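The values are calculated or read from the model by the stated rules, or taken from the named source; none is laboratory data. What you are looking at is a predicted structure, and each value in this text was computed from that prediction instead of being measured. Please note: Cβ atoms are built from the backbone with ideal geometry, for glycine as well, and neighbour counts cover all protein chains shown. SASA here: full protein model, heavy atoms, side chains in, ligands and nucleic acids out. Shrake-Rupley method; radii C 1.70, N 1.55, O 1.52, S 1.80 Å.
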Amino acid sequence: MSYDTVLEKVKTLPETCLEDVSKYLDFIQYQYAQTMMEPLSESKEEFNAKMQQGIDDMKAGRVTPLKEAFAEIKAQFA
């Protein structure tokens, strides 16, 4: 379904329904955000293991200079 189709459906509703539509859209956006965040959640043990790996990498000199790291991030989102 396209945005245009949804928009046309919304346009047919009386204005008294728009608040309900808006609330429902907020709910759907919340559900989507929760679904997208789910893979990011990790246990305390997983978090601690990743932090320890980062500390070990720093101690071993396995680091990326700050400017290079930001350049890589910028390239990914450009």
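What is the chain by shape, rounded, prolate or oblate, if you read a ≥ b ≥ c off the alpha carbon gyration tensor as root eigenvalues and call it rounded for a/c under 1.5, prolate for a/b larger than b/c, and oblate otherwise? Can you show the working numbers first?
Working: a/c = 5.30, a/b = 2.42, b/c = 2.19.
Since a/c reaches 1.5 and a/b is larger than b/c, the shape of the chain is classed as prolate.
Cross-link partners of Lys11 among lysines, defined as those whose alpha carbon lies under 17 angstrom from its own and excluding same-chain residues fewer than eight positions apart: Lys23.
To the nearest 0.05, what FRET efficiency results for Thr12 and Met37 with a Förster distance of 35 Å applied to their C-beta separation?
0.55
Once the Cβ-Cβ distance of Asp26 and Tyr3 is raised to the sixth power relative to R0 = 22 Å, the FRET efficiency obtained is 0.80. May I ask you to give the percent of accessible area on the chain that is carbon plus sulfur, with a probe radius of 1.4 Å? Carbon with sulfur: 61 percent of the solvent-accessible area.
Taken one residue at a time, the phi angles of segment 20-36 give Karplus couplings (6.51, -1.76, 1.60, θ = phi - 60°) of 5, 4, 4, 4, 5, 4, 4, 4, 5, 5, 4, 4, 4, 4, 5, 5, 5 Hz. Gly and Pro are set to x.
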